[in-house]
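First comes the structure, then the notes that go with it.
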Amino acid sequence: YLVPKVTFIIPTLGRPEGLKRCLDSIKTLNYPQELIEIIVIDGEGTVPQKVARGVWQAKGEYIVYGSNDLEFTPESLINALMCNWDLVSFNTGEIGQDEGNICEDFVIKKDVIRQLGGEIFDTEFHHVGCDNLLWAKAKKLGQAIRCENAIVHHYHFSQGAPNDEIYQKGWSHVEEDRALLAKKLKNL
């Protein structure tokens with residue numbers, strides 16, 4: 001194969017129907033299925049902590065972060081990899097004015113994680129802002145791009161999905177996370 005092995009890390013806090021939709025969409029990717037590894041992390045812990053656990057298990061050269069409210073389009077992965085950058089964010093829709101949603105879901109080269117401080121998401125965060133910090137770190141290295149052709153459907157409450165108990169749990173420390181993000185961006 002001329003394409004790399006890719007590990008999908010999907011932290012889940014519940015929402016089995018969203019997880020099924022996400023997993024089913026991975027099966028329909030225009031990509032050799034034997035080069036796809038899927039790691040679903042359930043149980044206790046925050047999303048950043050679950051992603052960190054998944055990275056230790058990952059065997060892929062690239063890691064795809066996908067949430068359990070996401071659906072990949074068939075060409076999304078190959079289009080993202082064709083960009084050939086260390087961090088490529090998927091196109092999840094319109095970018096907010098503050099770019100807060102530019103790196104919701106992405107593919108990252110595993111080798112670059114060390115340069116970003118040793119973890120994909122800073123595990124000091126509960127949930128909100130960890131992707132913003134990742135994007136800022138990768139941009140500082142000159143290795144962050146959004147691939148407009150790597151389209152995924154993110155069924156997030158900010159795009160009309162119900163603001164269920166899973167979102168409420170993830171966003172329960174939003175002010176604390178935003179303060180932490182401001183501090184870390186200032187020190188970057």
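The values are calculated or read from the model by the stated rules, or taken from the named source; none is laboratory data. For clarity, every value in this text was computed on a predicted model and none was experimentally measured. Note that each Cβ is placed from the backbone with ideal geometry, even for glycine, and that neighbours are counted across all protein chains shown. Please note that ligands, DNA and RNA were not included when accessible areas were found on the heavy atoms of the full protein model with its side chains. Shrake-Rupley method; radii C 1.70, N 1.55, O 1.52, S 1.80 Å.
Output the residue which, of all residues in segment 72-91 that are open to solvent by less than 10 Å² (accessible area, probe 1.4 Å) and of a type outside the set (A, V, I, L, M), is nearest to GLY142 (Cα to Cα).
SER89
Filter segment 78-104 for residues that are in a helix (DSSP H, G or I) and touching a strand residue (DSSP E or B) at 6+ places or on another chain (Cβ under 7 Å); which is farthest from LEU181 (Cα to Cα)?
Selected residue: ASN79.
Which of the following residues is surrounded by 23 or more Cβ atoms within 10 Å (Cβ to Cβ), modelled with pLDDT under 95, within 28 Å of LEU181 (Cα to Cα) and of a type in the set (D, E, K, R): ASP69, ASP111?
Exactly one residue qualifies, and that residue is ASP69.
May I ask you to list the residues in segment 12-23 that are open to solvent by 10 Å² or more (accessible area, probe 1.4 Å) and either in contact (Cβ under 8 Å) with a residue 40 or more places away in the chain or in contact with a strand residue (DSSP E or B) (Cβ under 8 Å, 6 or more places away or on another chain) (or both)?
LEU13, GLY14, ARG15, LEU19, ARG21, LEU23
Scan segment 102-136 residue by residue and report those that are touching a residue at least 60 places away in the same chain (Cβ under 8 Å) and hydrophobic (A, V, I, L, M, F, W, C).
Passing the criteria: VAL107, ILE120, PHE121, PHE125, CYS130.
All but one of (1) open to solvent by 30 Å² or more (accessible area, probe 1.4 Å); (2) at negative phi; (3) not small (Gly, Ala, Ser) hold for GLU99; which doesn't?
Result: GLU99 fails condition (2) only.
Being over 14 Å from the mean Cα position of the chain (by Cα) and in a loop (DSSP other than H, G, I, E, B) is the filter here, so list the residues in segment 124-141 that pass it.
The answer is GLU124, PHE125, HIS126, LEU141.
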